[in-house]
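K.L.:
One structure is given below, represented as structure tokens, and several questions about it will come after.
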């Protein structure tokens, strides 16, 4: 299954970090459902999916989150404000859940996955990586952010990735204390406002020869 390379490059060239959204234009349900599935289909290390995605469309809640986002208007004016959460711990119970889901989905005995589970336990629960598990989970979240941005561009949906937020304030506003998840980054999605001057600015990118090396 493929699309023309020109389709991909045109979409990525069209995409930009949207500074002004048209608050009157909303993403329709079929388009949003496709974007939601792009999040579900995001790859992750071991396939563990150590994340959750909060989709905020409530106007009052978006207004509160804007105050925790350096007062960036995109948070309030967008159609769907996606907040990316990472798991704060990985336990053996998390691995058991994933192993059970794998066995069910692929119709294989749970016992046949014992070796795989053991490998994950040694790495993520008992090994050195367990001491930096929040960093590991955060890295996975950024894979999902990239996938959603690319998917949105291909569907003609604008977005603006945001690290300019107060994650602790987001956690308080969204009631995440004790949930096992924490805010890492956000992505408002919707349609660019007609007057957003940034939409027509040329992208500043180093030449491929400067950033891609072949060996």
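Just so you know, all these numbers are worked out from the coordinates, no wet-lab data involved. Because the structure is a prediction, the values reported are computed rather than measured. Because the Cβ atoms are built from the backbone with ideal geometry, glycine has one as well, and the counts that use them run over all protein chains shown.
K.L.:
Inside region 163-184, can you point out the residues that are buried (at least 21 other Cβ atoms within 10 Å of the Cβ) and farther than 22 Å from residue 94 by Cα?
P.N.:
170 - this is the single residue of region 163-184 that is buried (at least 21 other Cβ atoms within 10 Å of the Cβ) and farther than 22 Å from residue 94 by Cα.
K.L.:
Ok, one more. Those residues that are in contact with a strand residue (DSSP E or B) (Cβ under 9 Å, 6 or more places away or on another chain) and in contact (Cβ under 8 Å) with a residue 40 or more places away in the chain, I need them from region 21-48; list them, please.
P.N.:
Across region 21-48, the qualifying residues are 21, 22, 23, 25, 26, 27, 32, 35, 39, 42, 44, 48.
K.L.:
Need pairs with beta-carbon distance below 7 Å; first residue free of Cβ contacts under 8 Å to residues at least 40 places away in the same chain and within region 143-171, second surrounded by fewer than 21 Cβ atoms within 10 Å (Cβ to Cβ) and assigned to a loop (DSSP other than H, G, I, E, B); sequence gap 6+ or separate chains.
P.N.:
171/177
K.L.:
Give region 1-20 a look and list any residue that's in a helix (DSSP H, G or I) and touching a residue at least 40 places away in the same chain (Cβ under 8 Å), or say none.
P.N.:
Scanning region 1-20 gives 7, 8, 11, 12, 13, 14.
K.L.:
In addition: So if I check each of 85, 65, 35, which one is within 28 Å of residue 178 (Cβ to Cβ), outside any strand (DSSP E or B) and in contact with a helix residue (DSSP H, G or I) (Cβ under 8 Å, 6 or more places away or on another chain)? I'd like the intermediate steps shown before the answer.
P.N.:
Details: 85 fails: outside any strand (DSSP E or B); 35 fails: within 28 Å of residue 178 (Cβ to Cβ).
From the options 85, 65, 35, the qualifying one is 65.
K.L.:
What number goes with the only condition from (1) free of Cβ contacts under 8 Å to residues at least 12 places away in the same chain; (2) farther than 21 Å from residue 174 by Cβ; (3) surrounded by 13 or more Cβ atoms within 10 Å (Cβ to Cβ) that residue 66 does not pass?
P.N.:
(2)
K.L.:
Same structure, new question: Determine whether region 197-204 contains at least one residue that is surrounded by 12 or more Cβ atoms within 10 Å (Cβ to Cβ), in a helix (DSSP H, G or I), at negative phi and over 17 Å from the mean Cα position of the chain (by Cα). It would help to see each step written out before you state the result.
P.N.:
Our first condition is that a residue be surrounded by 12 or more Cβ atoms within 10 Å (Cβ to Cβ); within region 197-204, this holds for 198-199.
Within this subset, residues satisfying the condition of being in a helix (DSSP H, G or I) are 198-199.
Next, only the ones that are at negative phi stay: 198-199.
Those left that are additionally over 17 Å from the mean Cα position of the chain (by Cα): 198-199.
Yes.
K.L.:
Please find, within region 38-62, the residue that is surrounded by the fewest Cβ atoms within 10 Å (Cβ to Cβ) out of those that are in contact with a helix residue (DSSP H, G or I) (Cβ under 7 Å, 6 or more places away or on another chain) and not in a helix (DSSP H, G or I).
P.N.:
So the residue we want is 43.
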